[in-house]
Amino acid sequence: MKKIMKKIIIIAGSIAALFCSCAKSLNIDPDGTMTREQLQAIIKTKPATVLEPMVTSLVSQVNGYVPANSVDTKNFLVCNLLLSLKGNDMVLAHANGGWMVSDYQMLNYREENQSRTSIYWLMYYKWIFYANQILDLIPPDFDPSQTTDVNKLIMKYKASALTMRAMCYTYLMWLYQDDYMHGGDNKPGVPLYTTVGGEKDRAPAKDVWNLVIADATEAISLFKSSGLSNTASKLDFDASVASVVLARAAITIGDWPKAIDAANYVIQQYPTLINETQYTTAGMSNIVLPETIFGYDYTSSSGKGTSSFPGWMNIKGEGGYGGSQGSWVAIDQRLYDQISATDYRKKNFVGTDYVEYKYASSQLPEKHYKYYSYKFAAPAIDANTPNYNQDDIYMRTSEMILTKAEAEARGGQDNNAQTTLYQLAHERDAAYTKSTKTGDALLKEIQLQRRIELWGEGGFEFFDNKRWNIGVDRNGSANHTNQLTVAAGKLFTLQIPLSVELNYNPKITVQNPL
């Protein structure tokens, strides 16, 4: 296992061997004798032959099993759920055995010798490796200014790989270094691989973020030039997905104009918001919802079973860990109380002392107590498909509206920020009136709306708290089962993992402090 991890992380071995293996796996050359140059010659005339299956595989990784998957680390969204539990706004209200308990209690989650530290590193560097395989095959004389049909396809494939690489480095920097605007800008980042090759030391944080911005920007340009800037499918990378990546990176490093422009592009492509019926009955688990920018469409061959993200989060799911198996989460009472009574998002949480629900397996009434989450309680796709088999949504419009509003507020554009925030908040609450707040008060209102809107999704609270320099303080909550206090700062930065990186990469000399 360690040897496999070493290959994923250090990306060892010769370039020639890599491309021979690539050709063999694509059935272009079953004997595995083709060189990179020979593959590039094919790409110049028939790029889909080589690159289409590689890009399809690359994008599918987001729903794929992580290298060290387990019941509580099944894939990308489940790993992010572990981060959502390390905050103020989500409560592990009822545990099934020990699953995710240490995550909620923030135990053994960031030290170099802990498995939680390795999961994200393995996942994102594996995806970077696949992206670099594709980028290394782009012919060196490829000229994107020549918009031939062949070049348009190459543009699309290159843009997809750049998007994945930018997204992965964004998550790695969010996790393995302090926030950029709170001291992380002048610290070591993570090893920066722009090609398939040997091990490297940690690059400066600014260099990593510069690459993220450059990759996402180039990807957007290539997608647009290819004529495939926004695909009809929500399962593919396109200019909107790359723009989400750019907006996330830009707001992290404080480039407010770039964050505004990138978010605004996405909003223009996906202007229709989820309505009340969809928000309160679809369980955030159907990619046909109008806000969905990028997601996964459930199929029986690629579902993750009872420990999928819907399996953990659909409280009505028969068989799911977060359904009939009893690992139930709730919203913190303090956040719930800040949701207006006329805001339909409040309907996604139990508002009475309890409600009774019968699971098919037992037919005994279970009590779901006040504040328990019904946000992800999606109905079954059909009579033969369990509730834990649902779609996943990775990116949606509301995040971009809130990103744009925050960037406008931080950039001193209070009037614009008020208008942008109104676009979302009034849809969720018909009684909401356009804010007249300015400065820090307006920023806090935007942050509150973001916490409510994105609750339970994508680990956003963990990443946002780092960006806002907010720690964990559960004291005073009526329903937190763990009264934890963790100061903002280094305790939200993971150490570089020992078993899968430091033990094999002698070039890394600086570890994040305990």
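The values are calculated or read from the model by the stated rules, or taken from the named source; none is laboratory data. Being a predicted model, the structure only gives us computed values, none of them experimental. Glycine also receives a Cβ, built like all others from the backbone with ideal geometry; neighbour counts cover every protein chain displayed. Note: areas computed on protein heavy atoms with side chains; ligands, DNA, RNA excluded. Shrake-Rupley method; radii C 1.70, N 1.55, O 1.52, S 1.80 Å.
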Could you go through the stretch 482-505 and let me know if any residue there is closer than 17 Å to residue 338 by Cβ and either out of contact with any Gly (no Cβ under 7 Å at 6 or more places or on another chain) or modelled with pLDDT under 95 (or both). no
Going residue by residue through the stretch 406-426, is there one that turns out to be of a type in the set (Val, Ile, Thr), in a loop (DSSP other than H, G, I, E, B) and closer than 24 Å to residue 338 by Cβ? no
Per the list (1) touching a residue at least 60 places away in the same chain (Cβ under 8 Å); (2) crowded, with 20+ Cβ neighbours inside 10 Å; (3) hydroxyl-bearing (Ser, Thr, Tyr); (4) under 24 Å from residue 219 (Cα atoms), residue check on residue 147 breaks on (2)
Could you list, in sequence order, all residues of the stretch 427-441 that are more than 23 Å from residue 272 (Cβ to Cβ) and part of a helix (DSSP H, G or I)? 439, 440, 441
Among the numbered conditions (1) within 24 Å of the chain's Cα centre (by Cα); (2) open to solvent by 30 Å² or more (accessible area, probe 1.4 Å); (3) aliphatic (A, V, I, L, M), tell me where residue 383 comes up short. (1)
Where residue 413 falls short, out of the listed (1) open to solvent by less than 10 Å² (accessible area, probe 1.4 Å); (2) over 23 Å from residue 93 (Cα atoms): (1)
Identity of the residue in the stretch 344-364, open to solvent by 50 Å² or more (accessible area, probe 1.4 Å) and free of Cβ contacts under 8 Å to residues at least 12 places away in the same chain, that ends up nearest to the chain's Cα centre (by Cα): 358
Output the residue which, of all residues in the stretch 246-261 that are over 9 Å from residue 407 (Cβ atoms) and surrounded by 24 or more Cβ atoms within 10 Å (Cβ to Cβ), is nearest to the chain's Cα centre (by Cα). 248
Which residues, taken from the stretch 283-297, are open to solvent by 20 Å² or more (accessible area, probe 1.4 Å) and acidic (Asp, Glu)? 297
Can you list the strands (runs of 3 or more DSSP E) found entirely within the stretch 328-370 that contain at least 2 residues being under 16 Å from residue 456 (Cβ atoms) and in contact with a strand residue (DSSP E or B) (Cβ under 6 Å, 6 or more places away or on another chain)? 328-331
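Per-residue answers, yes or no, for (1) of a type in the set (Val, Ile, Thr); (2) without any contact (Cβ under 8 Å) to a residue 40 or more places away in the chain; (3) at positive phi:
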{"residue": "469", "(1), (2), (3)": "no, no, yes"}
{"residue": "472", "(1), (2), (3)": "yes, no, no"}
{"residue": "477", "(1), (2), (3)": "no, no, no"}
{"residue": "491", "(1), (2), (3)": "no, no, no"}
{"residue": "495", "(1), (2), (3)": "no, no, no"}
{"residue": "505", "(1), (2), (3)": "no, no, no"}
{"residue": "508", "(1), (2), (3)": "yes, no, no"}
{"residue": "514", "(1), (2), (3)": "no, no, no"}
Tell me, yes or no, whether the stretch 150-163 has at least one residue that is closer than 27 Å to residue 480 by Cα and either in a helix (DSSP H, G or I) or open to solvent by less than 20 Å² (accessible area, probe 1.4 Å) (or both). no
When residue 243 is evaluated against the numbered criteria (1) among the hydroxyl-bearing types (Ser, Thr, Tyr); (2) part of a helix (DSSP H, G or I); (3) open to solvent by 30 Å² or more (accessible area, probe 1.4 Å), which criterion, by number, is the only one it fails? (3)
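This table checks each residue for (1) touching a Pro at 6+ places or on another chain (Cβ under 9 Å); (2) assigned to a helix (DSSP H, G or I); (3) in contact (Cβ under 8 Å) with a residue 60 or more places away in the chain.
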| residue | (1), (2), (3) |
| --- | --- |
| 228 | no, no, yes |
| 234 | no, no, yes |
| 249 | no, yes, yes |
| 252 | no, yes, yes |
| 273 | yes, no, yes |
| 293 | no, no, yes |
| 316 | yes, no, yes |
| 319 | yes, no, yes |
| 324 | no, no, no |
How many residues does the stretch 295-314 hold that are assigned to a loop (DSSP other than H, G, I, E, B) and either of a type in the set (Gly, Ala, Ser) or over 27 Å from residue 242 (Cβ atoms) (or both)? 6
Need pairs with beta-carbon distance below 8 Å; first residue β-branched (Val, Ile, Thr) and within the stretch 157-176, second surrounded by fewer than 24 Cβ atoms within 10 Å (Cβ to Cβ); sequence gap 6+ or separate chains. 170/252
Show me the helices (runs of 4 or more DSSP H) entirely contained within the stretch 21-137 in which 3 or more residues are open to solvent by less than 40 Å² (accessible area, probe 1.4 Å) and modelled with pLDDT of 95 or more. 47-60, 76-84, 101-104, 115-137
Name every residue in the stretch 457-495 that is more than 20 Å from the chain's Cα centre (by Cα), closer than 27 Å to residue 75 by Cβ and not in a loop (DSSP other than H, G, I, E, B), in order of residue number. 472, 486, 491
